[in-house]
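Peer 1: The following block contains the structure, expressed as structure tokens.
Throughout, read-outs are computed from the coordinates displayed, never taken from laboratory work. What you are looking at is a predicted structure, and each value in this text was computed from that prediction instead of being measured. Note that we place each Cβ from the backbone using ideal geometry, even for glycine, and neighbour counts take in every protein chain shown.
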Amino acid sequence: MKIRVGIIGGGAAGLFAACQFKRLSGTEDFEVTIVERNNIPGKKLILTGHGRCNITNRKDASLLKEGFHEAGNFIYPALREFGPEDTVRFVEDGLGLKTKEEDNNRIFPVCDSAITVRDTILSYLSGSVKTICNAEVQEIKKTDVFEVKTSAGTMVFDRLILSCGGSSFPKTGSTGCSYAFAESLGHTIVPVRGALAPIIVKSDARKLTSSLSGVSVNVKLSLLIDGKVTASQSREMLFAEFGITGPAAMELSREVPPDIKGINASVEADLIPDMSDEAFDQEMQKLICDHPDTKITTLLSRYMPASAAEEVATLTGTAGQYAQGFTKENRKKLINGAKHLKMEIAEVPQIEKAYVTRGGVSLKEVDRKTMQSKKTEGLYIIGEALDIDGISGGYNLQACMSGAYLAVKSILKSV
Ligand SMILES: Cc1cc2nc3c(=O)[nH]c(=O)nc-3n(C[C@H](O)[C@H](O)[C@H](O)COP(=O)(O)OP(=O)(O)OC[C@H]3O[C@@H](n4cnc5c(N)ncnc54)[C@H](O)[C@@H]3O)c2cc1C
């Protein structure tokens, strides 16, 4: 009798788990079935990396784990057992897709196509793994076996991998079903909210962000809660109609409290992050002295895009002024605008627009060496369903890959 393994959710984690079955066992002792609600698996996978699929990040596991915030220690054994080099080897030798490394150790397929990655995985699995699409799982019961009630009928499995994802980008199929299923099987859910999401600012600040929409700056972006800095990010930030996005804003978004009613939540951008206020003031004084006939915005644009310099000058009431006669008071205003650009946050980052979900199945109830549930024997939980969110740059797909490997290895060992 073959062992029946059900993979609930054919997203990145579910597909990677199916690949590991094929890679490690040839699937002859196992009947592996992916159950997917959409008409095709991997709807979120094809959006990754702006359609190019940033599949992993080439870093040592000890460094990589730092990108997983509070979940770093939990994910570490998985990253050590199946890390970025293993992912690259599998993508290249298993799937036959060449990879390339871009800035910040990010790995992409040479074809620059997430659709090709998804379709190549489906071809790789075809004939070895059964994929049932248009089958929405409605209920999971555990007796001696797992009884999975779906819109396409009830299915029975001996082992179950729960990989229905989180609740970000729900239009791709991940609507938070993992949580209800995990709860019904004895698990606790850490409240979910958006991570890697754009930050929407109040209308006052939106005047500035919309006029700079599309402009990218290197900043130190800090989150201020009732005037106190609670987190910061030094990376690129992109102005947008609604507020701010780009790596710095997206990374910071997970730190915005789940409820900001009654608190003063704002972000402060330092547009000249490599210099202290004092050092910048000294430089300005020298520039003002050396170039008395130059407009102050021209001098400021040495440190940031010209459009940003114009906006900062307008905001501080110094636009149109020349270096000659530029007062100490005005310098102070300019420094404040350029290095302490405050924007009030209008709302908690929306989960619908977040790239990943913060929160999910509590890690305390899952064995980090096998991904097996500590509550229900034979149940494995992987991917974004877990309370794991990584920074951008290939971390989240790598977490899916590493978790999938541990789960499959453990299932293979269990028989
Ligand atoms: C726009 C965007 C770009 C991204 N880019 C990157 C990137 O370049 N690199 C990176 O590392 N990460 C990236 N991420 C994050 C990454 O895509 C996710 O972390 C990853 O897809 C999570 O995989 P998962 O399998 O856990 O969940 P998902 O990929 O969400 O898959 C869950 C699957 O389960 C199915 N499902 C849900 N409920 C049911 C049900 N009741 N019955 C049956 N099936 C069900 C869903 O339809 C879906 O197919 C990006 C995310 C987004 C939104």
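Peer 1: What do you get for Rg/Rh over the chain if you use C-alpha atoms and the Kirkwood form of Rh?
Peer 2: On the way: Rg = 24.7 Å, Rh = 23.0 Å.
Taking Rh as the inverse mean 1/r over Cα pairs, Rg/Rh reads 1.08.
Peer 1: Another question, then. Among Thr230, Thr120, Thr131, which one moves the most in a GNM of the chain with springs linking Cα atoms closer than 10 Å?
Peer 2: Thr230
Peer 1: Amide H of Ile161: which non-local residues (sequence gap of 5 or more, or other chain) have their own amide H closer than 5 Å, using H built in the peptide plane?
Peer 2: Here the answer is Gly6, Ile7, Ile8, Tyr380, since their amide H atoms fall under 5 Å of that of Ile161.
Peer 1: Something else: Calculated from DSSP H runs of 4 or more alone, at -39500 (n - 2.57) each and per residue, what is the 222 nm mean residue ellipticity of the chain, nearest 500?
Peer 2: Values: 14 runs with 135 residues, N = 415.
That calculation yields -9500 deg cm²/dmol at 222 nm.
Peer 1: Mind giving me the FRET efficiency for Gln282 and Asn134? R0 is 51 Å, r the Cβ-Cβ distance, nearest 0.05 is fine.
Peer 2: Numbers: r = 66 Å, r/R0 = 1.30.
According to the calculation, E is roughly 0.15.
Peer 1: Nearest 0.05, what FRET efficiency do Glu347 and Ile3 give at R0 = 56 Å with Cβ-Cβ as r? List each step's numbers first, then the result.
Peer 2: Numbers: r = 47 Å, r/R0 = 0.85.
Calculated transfer efficiency: 0.75.
Peer 1: Measure out, as a whole number of angstrom, how far apart the alpha-carbon centroids of region 105-147 and region 1-28 sit.
Peer 2: Each part's Cα centre sits 8 Å from the other's.
Peer 1: Oh, and also: Tell me, what ³J(HN,Hα) does each residue in region 251-265 have, in order and in whole Hz, if you take phi through Karplus 6.51 cos²θ - 1.76 cosθ + 1.60 with θ = phi - 60° and put x for Gly and Pro?
Peer 2: Residue by residue, region 251-265 yields 5, 6, 4, 5, 8, 5, x, x, 9, 10, 5, x, 10, 9, 10 Hz.
Peer 1: Return the single residue from Leu24, Leu379, Leu223 with maximal mean-square fluctuation; model: Gaussian network over the chain, springs between Cα atoms under 10 Å.
Peer 2: Top of the fluctuation ranking is Leu24.
Peer 1: Now for a different question. Taking the chain as a Gaussian network, where each spring joins two C-alpha atoms under 10 Å apart, which residue of Ala114, Ala78, Ala323 fluctuates the most?
Peer 2: Among Ala114, Ala78, Ala323, the largest GNM mean-square fluctuation belongs to Ala323.
Peer 1: Follow-up question, since we're still on this one. Mind listing P(r) for region 34-118? All alpha-carbon pairs, 5 Å bins, whole percents.
Peer 2: Distribution as computed: 3, 14, 20, 21, 20, 16, 6, 1 percent.
Peer 1: Hey, what did the chain get for relative contact order, percent, Cα under 8 Å, at least 6 apart? Don't skip to the end; give the middle numbers.
Peer 2: Values: 938 pairs, mean separation 94.1, N = 415.
It rounds to 23 percent for the chain.
Peer 1: Quick one, what does Rg over Rh come out to for region 198-349 if you take C-alpha atoms and the Kirkwood Rh?
Peer 2: Values: Rg = 15.5 Å, Rh = 15.7 Å.
Ratio value, two decimals: 0.99.
Peer 1: Using 0.36 nm per residue of separation minus the Cα-Cα distance, give me the extension gain between Ser151 and Thr327 in nm, one decimal.
Peer 2: Values: separation 176, 0.36 × 176 = 63.36 nm, distance 7.19 nm.
Stretched fully, the Ser151-Thr327 segment lengthens by 56.2 nm.
Peer 1: Fully extended, how many nm does the chain gain between Glu102 and Thr143 (0.36 nm per residue separation, minus their Cα-Cα distance)? Mind dumping the intermediate values first?
Peer 2: Numbers: separation 41, 0.36 × 41 = 14.76 nm, distance 4.83 nm.
Taking 0.36 nm per residue and subtracting the Cα distance, the gain is 9.9 nm.
Peer 1: Rounded to whole Hz and in sequence order, give me ³J(HN,Hα) for region 366-371 from the Karplus expression 6.51 cos²θ - 1.76 cosθ + 1.60, θ = phi - 60°, writing x for Gly and Pro.
Peer 2: 10, 6, 5, 8, 9, 6
Peer 1: Between beta-carbons, use under 10 Å as the cut-off and find the net charge around Leu341, counting Lys and Arg +1, Asp and Glu -1.
Peer 2: Local net charge: -1.
Peer 1: Continuing with this model, one more query. Would you list His187, His340, His50 from fewest to most Cβ contacts within 10 Å? Spell out each step's value before the answer.
Peer 2: Details: His187 24, His340 13, His50 9.
By the 10 Å Cβ count, ascending: His50, His340, His187.
Peer 1: Order 193-200, 95-102 from most to least packed using the mean count of other Cβ atoms within 10 Å. Intermediate results must be reported in sequence, preceding the final value.
Peer 2: Values: 193-200: 25.1, 95-102: 14.4.
The peptides rank, most packed first, as 193-200, 95-102.
Peer 1: On a 0 to 90 degree scale, rounded to 10, what angle separates helix 72-81 from the longest Cα axis of the chain?
Peer 2: With both axes taken from Cα atoms, the answer is about 60 degrees.
Peer 1: In nm, to one decimal, how far is the modelled label at His340 from the one at Asp119, with both set 7 Å along Cα→Cβ?
Peer 2: According to this spin-label approximation, the distance is 5.5 nm.
Peer 1: Residue-wise, which Karplus ³J(HN,Hα) couplings in Hz belong to region 164-177, taking 6.51 cos²θ - 1.76 cosθ + 1.60, θ = phi - 60°, and x for glycine or proline?
Peer 2: Taking θ as phi minus 60°, the curve returns 8, x, x, 10, 7, 6, x, 5, 8, x, 8, 9, x, 4 Hz for region 164-177.
Peer 1: Counting only residues 5 or more places away or on other chains, whose amide H sits under 5 Å from the amide H of Gly11 once H atoms are built in the peptide plane?
Peer 2: Answer set, sorted by chain and number: Gly42.
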